1. When the range B:131-170 is examined, which residues are found to be of a type in the set (S, T, N, Q) and either closer than 19 Å to residue B:191 by Cβ or modelled with pLDDT under 95 (or both)?
2. Could you list, in sequence order, all residues of the range B:169-198 that are more than 14 Å from every other protein chain (Cβ to nearest Cβ), farther than 17 Å from residue B:19 by Cβ and of a type in the set (Gly, Ala, Ser)?
3. Which of (1) surrounded by fewer than 22 Cβ atoms within 10 Å (Cβ to Cβ); (2) in contact with a Ser or Thr (Cβ under 7 Å, 6 or more places away or on another chain); (3) within 13 Å of another protein chain (Cβ to nearest Cβ); (4) not acidic (Asp, Glu) does residue B:138 not meet, given it meets every other one?
4. Evaluate the following for residue A:321: is it away from chain B (no Cβ under 14 Å), closer than 17 Å to residue A:283 by Cβ and crowded, with 18+ Cβ neighbours inside 10 Å?
5. Can you list the helices (runs of 4 or more DSSP H) found entirely within the range B:22-109 that contain at least 1 residues being of a type outside the set (S, T, N, Q) and within 11 Å of chain A (Cβ to nearest Cβ)?
6. Please state which of the following conditions residue A:201 fails to meet, knowing it meets all the rest: (1) over 18 Å from the mean Cα position of the chain (by Cα); (2) at pLDDT below 90; (3) over 26 Å from residue A:116 (Cβ atoms).
7. Limited to the range A:389-402, what total is found for residues that are free of Cβ contacts under 8 Å to residues at least 24 places away in the same chain and within 22 Å of the chain's Cα centre (by Cα)?
8. Across the range A:364-402, which residue is surrounded by the fewest Cβ atoms within 10 Å (Cβ to Cβ) among those that are within 22 Å of residue A:94 (Cα to Cα) and basic (Lys, Arg)?
Amino acid sequence: MFANILKSFGLEAQFWAALVGSSERQMEEWLAGQRELPSSVAEKLSKAIGVPLSILTGRERIRGGVESVLPPLWLKAKQRGLGEPEHKTIALTRLLAARYDEVLSLTDKAPATYRIHFEAIKQAVDPQSPARLQGERAANAFLAMTLLDKGATGIGEVMRGHLRALGLLVLETPINNKNLEGFCVPVGGKDCVRPCLVSNSYRTTWFRRNYVLLHELAHAIFDLEASNAVFDLDAHVDTSPDFRDIAEDRADSFAMHTLLPRRLLIAFQNRGYDFRNLTPRDLAELIAKTHAEQGLFLRAAAEYGLISEDERTHLSRFDIATILRELSYHARGLAALSANDVVYPEVLRWGSRLTTFPVAGMRLPVPYVKMVLEVLSQKRISRGKAAELLMVTREDLTSYGVVAQVDQSAE
Amino acid sequence: MANPEYLLCDADALIQVFLTRQVQLLVALRTKYGVKAAIVPEVESEVRFNQRYKNQYENSLLKQLSSGNVTVLDTDRSRHLLRDRELPEGEIPGFVERVRGRGLEYNKYVHEGEAYSHAVATLLQLPLLSNDREALEALEHAGLPVSLPVLRFFDLIAFGVSESIITAEDGQRARSLLMGAKHEFLSYPFKEKKASFSECLSKFSARLHAWRKSGTPPHPRGPRDVIYFVPL
């Protein structure tokens, strides 16, 4: 059964070998049924693809074809034409979520409360109202609930912390497909399912990812339970019939109103910014302070009637990249930052936080890395386990400031 | 007490056996003491595709598996062992499930290879060859039973020298190879660069010895205790 399930994905043995950290030859032996699949490997695959362990190991028989046991998100990924890099990211995301839960079980972190909040947000929305209005109402409810509606400044720097505090898994990682902006999938086991918001960091800015994460949050609130997975492709390439449907309009409106509520733009006007006569520096300052990208800022300003469509077109032609890099460290990249620029200075020492083994190239969330290093420093886990959790080799742990095991005992 | 049927090996320690070309030690354990080197399936995977050495030792392991010098203690082999120990047939499936559960539990604290090695070693009461002291400490910290005892690669070397399976020169060569290899772990006295192999050996508290006295050798009570193998 295990082999049939994996084969139904249409991916090479190499893909699965890399995912579980085995040699290709051994994976082929398992797929051919020549060798017994170890329970730990079955466990890992079960977490990555979401098929119950009992089915993978053949202890439970299935009625119907292989498709009947695959979580719908894989079918949806197939329908959307997503390929190996995206499958890899989804599988890795699920594995990471399982490990996140594992580390959480060793710490005293608060339990996930997202369900209560999601329910309250949905209660605040009239499902009969137009999609954009639903998005706006939901944004207001979310901001009020998280107290992010206090103060007249951008929320980009704090929103990730709030999302994680609700129990959501937030990942910003490079996916080798620039058309896939982000996705939202349920992750975790039967008793600890949680939404995972993924934003593709490949060739995107931090400002864009703020929007993408909030867009995915809206999908998590409204659409995830019904559809099991939501994949957001770039609007220019997405030609699927459901594009720009209610869910997409609502998610777009939610992200815009959360990141750029009308009151925030008015507050900046009151501070002296004349939106109709902005200079490139003014616009760059506004982007740096609101944490939203230029296009979204101008769209919001036009939608709120603060600028005309002609003014929006004119302002959208401003090239503010150089000034923005000068004004905001978020536009400069991690390498150019100093310890004073970031909340957790150790992040600068950690470097890219990319996984190296068995699968390379996934960027790990800062709080996750912090948790792993915390339990390691308490000696609750071994270095080998820390390497497993951070998906790096034991040698690569030095990039996180972890020194190699030294036998100093004079036994 | 009779010798254990198997000496379980962790990936790092088994790779050191291959790296230092000391497979003869495993052969001698099997032929002279009736103790076979064994690995859990997780360790098989880790040696065949290693984070440090990639596929470098896959063929070495496959060769030793086919020659019988190393055995994979998978479900089937565990069943055989339990039958040989005359465990009632009805209890065997439950035992297999306990290995899985314990492996999962241990894997919360230590790497998969060490987790399943300690899980199997504790349930089957087998000694374990593993250099990972941190894994041992993490499991102890969590209050979990660990293998009795846990031997290090140099226990095998020291045993080999004392039992004339290998010469002191072989031991020194093995030590040099590990010193030359980047990132390889060496037990305390052996990493003292200026000390001779014999000096290191005299300072080393070996945990594996041969038992040539009459009577039954004492059973190790802690992971750092000595285990005695009785020659056949």
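1. The one that is of a type in the set (S, T, N, Q) and either closer than 19 Å to residue B:191 by Cβ or modelled with pLDDT under 95 (or both): B:131.
2. Within the range B:169-198, B:196, B:198 meet the criteria.
3. Of (1) surrounded by fewer than 22 Cβ atoms within 10 Å (Cβ to Cβ); (2) in contact with a Ser or Thr (Cβ under 7 Å, 6 or more places away or on another chain); (3) within 13 Å of another protein chain (Cβ to nearest Cβ); (4) not acidic (Asp, Glu), only one is false for residue B:138: (1).
4. Considered against the rule, which asks whether it is away from chain B (no Cβ under 14 Å), closer than 17 Å to residue A:283 by Cβ and crowded, with 18+ Cβ neighbours inside 10 Å, residue A:321 comes out as no.
5. Fully inside the range B:22-109 and qualifying: B:41-48, B:58-67, B:75-84, B:92-106.
6. Evaluating residue A:201 over (1) over 18 Å from the mean Cα position of the chain (by Cα); (2) at pLDDT below 90; (3) over 26 Å from residue A:116 (Cβ atoms) leaves (1) as the failure.
7. 0
8. The residue in question is A:370.
The values are calculated or read from the model by the stated rules, or taken from the named source; none is laboratory data. Just so it is clear, the model here is predicted, and its values are computed rather than measured. Quick reminder, even Gly has a Cβ in these numbers, built from the backbone with ideal geometry, and neighbours come from all protein chains shown.
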